[in-house]
Amino acid sequence: MFHQKLTPALANPAVVRRREYIALVGAAMCAGMADQTALATAPQAAESLHPLNRFPRMMQEFLVSRVRQAHQRSVVAKRELETREDAFDYVKTVRSRIADCFGEPPKKTPLAARVTGIVERDRYRIEKIIFESRPNFPVTANLYLPVGATAVAKVPGVVGTCGHSANGKAAEPYQSFAQGLARKGMACLIYDPIGQGERLQYPDENLNSKFRAGVGEHIQAGNQQFLVGENLSMWRAWDGIRALDYLLSRTEIDPQHVGVTGNSGGGTMTTWLCGVESRWTMAAPACFVTTFLRNAENELPADTEQCPPRVLAVGLEHEDFLAALAPKPVVILAKERDFFDVRGSQEAYGRLKRLYTLLGKPENISLFVGPTDHGYSIENREAMYAWFGRATGTGENAQEPQLIIEEDQTLWCTKSGQVHELTPDTVFTFTRRKADKLQQERQPNTTEDLQLSIRTALRLEEPLPMKPPPFRILRAIGNRQYPKPHFTTYAVETERGAMAISYMLTDERHDARPQRLGRQALLYVSHRSADDELRKDKSLRDAIESQPQRAVFAMDVRGVGESLPNTCGANSFDNPYGCDYFYAAHGIMLDRPYLGQKTLDVLRILQWLRSFGYEQIDVCAKGWGSYSATLAAVLDSSVRTVELWEQPATFHQIATEESADTRLAYIVPGVLKHFDMPDCHSALGDRLVRAG
């Protein structure tokens with residue numbers, strides 16, 4: 001893969017340390033107003049300079065403003081409801097929007113369910129179940145069934161969904177609520193999530209996860225799925241729907257009383273399942289429901305399945321998934337000290353209370369806030385028992401009975417503790433097959449068709465604004481050891497709230513707007529930092545020196561270089577769950593892929609350069625910059641030549657290589673239905689002078 005070829009300074013974030021330099025610049029630097037005195041003391045030797053980063057909060061503030069707009073649409077829509085009919089209509093529209101985001105569900109196939117073992121206990125038994133939610137895609141589950149439950153003496157049933165426990169359904173809090181329900185006379189079918197418990201999707205030879213159970217597997221699988229038009233939100237929810245199908249196939253279960261509950265990631269699934277499945281009669285999501293806005297403001301990343309495509313674009317909030325089940329009984333279980341902000345839980349509850357009141361069932365919505373940290377602890381479990389007891393008429397006794405926590409192996413449905421022994425399909429094998437099929441079916445595009453496909457996939461409006469983008473001229477910061485002795489830095493506002501940073505390299509000092517130095521220009525699109533690469537990259541220096549008559553510009557698209565975020569925790573950019581992922585995931589929820597945003601930056605910089613008379617523009621790019629540079633060049637026929645170095649993987653390679661680097665910032669939902677990067681290279685024709 002390309003990232004293995006990069007120099008250590010580019011590939012290893014540990015050697016890219018900016019703190020000392022930023023400390024010299026001071027807080028004013030973030031606004032592009034560097035203190036000349038402080039900068040004068042900065043180190044000047046090329047090997048000691050740290051990459052510049054003057055806009056570390058730009059992406060965060062840009063994102064929050066966009067999420068706030070989406071949040072407000074949801075709030076206003078509910079605020080404007082006045083009658084019972086309005087409320088019912090709102091519930092219908094919510095269900096329709098959710099279905100649109102999650103996509104067409106697969107056809108139901110035989111569950112092929114089997115019991116692999118039974119654990120007998122005093123007041124219940126645990127049946128070890130394996131069923132198939134899709135052909136050859138096994139789900140491992142435990143059915144906690146109260147003693148005395150029969151086809152005649154039916155009992156309420158609950159589907160239990162797990163949070164991010166490596167051991168899935170065997171984790172103590174999840175065993176606890178399942179067993180607690182059984183001891184109170186309700187059956188509970190609790191199943192392992194994809195990538196957890198007995199369902200690792202990327203097991204190594206020792207049956208350990210190659211990517212880390214839970215979050216790691218969810219991100220790897222989910223990112224690859226986006227490329228072929230699938231999404232892990234629907235895949236995870238589909239397991240829950242089929243779990244309900246299995247539960248209802250049991251003659252001991254009363255179909256008039258079926259509920260769903262889960263905590264954290266299981267709280268997510270409980271919430272989503274309320275939106276995509278109407279058969280539930282009650283629900284209790286725990287430690288998840290807040291608002292997308294609070295999560296965005298608080299810099300809280302969420303797994304791929306917690307970020308449904310387009311959900312913000314169509315004006316949905318967390319509470320809207322619960323509204324889809326209205327006016328059936330729902331209790332939101334929150335925690336005072338949870339990282340899922342309890343303020344958002346209270347706000348969501350307030351809006352749902354008004355909706356339920358209009359529907360004539362204000363008593364069917366409730367909020368319980370436990371006093372402790374994130375987790376399905378006893379106080380929240382007891383609130384759930386009371387709520388389900390009230391909804392089913394089995395009694396509101398909340399006290400949890402004494403429990404017996406089983407060893408993990410006791411609850412295994414497989415011999416080895418992993419479905420791998422059954423040689424199943426995995427999420428990845430489904431994705432790989434679909435990617436190969438799409439590649440075979442995809443027809444060659446004309447240049448015009450490809451341009452339309454790119455604009456559609458990247459959500460790029462056409463045409464660009466008539467006026468070139470506004471820009472700031474940033475203060476000079478001394479000698480950075482670039483290939484030319486002087487440079488000027490521009491912050492170009494490619495859209496409201498977002499800027500691309502551009503450097504113009506010159507032989508003489510120039511602290512004003514760009515000069516016209518002839519008609520020819522070279523534009524370099526950086527991999528991680530134009531500042532760093534101008535100083536260290538030999539290929540870039542050679543390109544600059546090869547045609548000295550060209551004006552020289554280099555740029556950072558949003559989210560790298562001078563706008564590298566300092567959010568989501570310290571040095572989180574290269575963490576698969578860090579800030580780069582965070583903004584990309586929100587881009588998918590906003591229906592604005594991050595790569596589309598970055599490509600817009602290149603298009604606007606090209607427009608900006610033309611406004612100064614540069615009509616013959618040669619583009620070169622490295623690494624991640626190759627994506628946006630190539631796509632922009634296909635869309636902008638005025639680009640004279642394109643030169644690419646250390647190109648990253650194609651979209652097909654990312655989808656079909658199990659251990660591919662699946663950086664979400666450069667993944668476009670559904671792109672393989674329409675084109676791949678080699679199609680773009682072909683469309684460039686003779687303009688592509690090098691693709692290394």
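The values are calculated or read from the model by the stated rules, or taken from the named source; none is laboratory data. Source: prediction; values computed, not measured. Counting neighbours? That spans all protein chains shown, and the Cβs are built from the backbone with ideal geometry, glycine included. Note: accessible area is taken over every heavy atom of the protein model, side chains too, but ligands, DNA and RNA are not part of it. Shrake-Rupley method; radii C 1.70, N 1.55, O 1.52, S 1.80 Å.
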Alpha carbon convex hull of region 69-174, projected area averaged over orientations, nm²: 11.7
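Using per-residue counts of other Cβ atoms within 10 Å, averaged over each peptide, order 468-481, 222-235 from highest down.
222-235, 468-481
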With Cα atoms, 0 to 90° folded angle of helix 625-635 axis to the chain main axis: 80
DSSP beta bridge pairing in the chain, given as percent antiparallel to the nearest 5: 45
Debye intensity ratio I(q)/I(0), log10, region 401-541, q values 0.13, 0.15 Å⁻¹ (C-alpha model): -0.84, -0.97
Spread of Cα-to-Cα distances over 20 Å intervals beginning at zero, given as percent, for the chain: 18, 46, 28, 8, 0
Debye intensity ratio I(q)/I(0), log10, region 560-692, q values 0.12, 0.15, 0.22 Å⁻¹ (C-alpha model): -0.50, -0.78, -1.43
Protection proxy ranking of 265-271, 350-356 - average other beta-carbon atoms within 10 Å, highest first: 265-271, 350-356
Under Karplus coefficients 6.51, -1.76 and 1.60, residue-wise ³J(HN,Hα) of region 467-475 in Hz, glycine/proline x: 7, x, x, x, 8, 10, 10, 7, 4
Rounded Å value of the spacing that divides the Cα centres of region 345-373 and region 399-451: 35
Alpha-carbon spread of region 115-219, three principal axes, descending order, Å: 46, 29, 21
Packing-based ranking, highest mean first, of 274-282, 164-172 given that Cβ atoms within 10 Å are counted: 164-172, 274-282
Karplus-derived 3J(HN,Hα), 6.51/-1.76/1.60, for each residue of region 409-426, Hz, glycine and proline x: 5, 4, 9, 4, 8, 10, 6, 8, x, 9, 5, 3, 5, 8, 6, x, 6, 10
Evaluated at q = 0.10 Å⁻¹: base-10 log I(q)/I(0), Debye formula over Cα of region 366-458: -0.70
Net charge contributed by nearby residues that have their C-beta within less than 14 Å of TYR376 (K/R +1, D/E -1): -3
Apportionment of accessible area to carbon and sulfur, the chain, percent (1.4 Å): 51
Net charge over other residues, Cβ less than 13 angstrom from the Cβ of SER278 (K, R count +1; D, E count -1): +3
Hydrodynamic radius (Kirkwood) for region 335-385, which is based on Cα pairs only, to one decimal in Å: 11.8
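Please compute the net charge surrounding GLY197, taking Lys and Arg as +1 and Asp and Glu as -1 over other residues with Cβ under 9 Å from its Cβ.
-1
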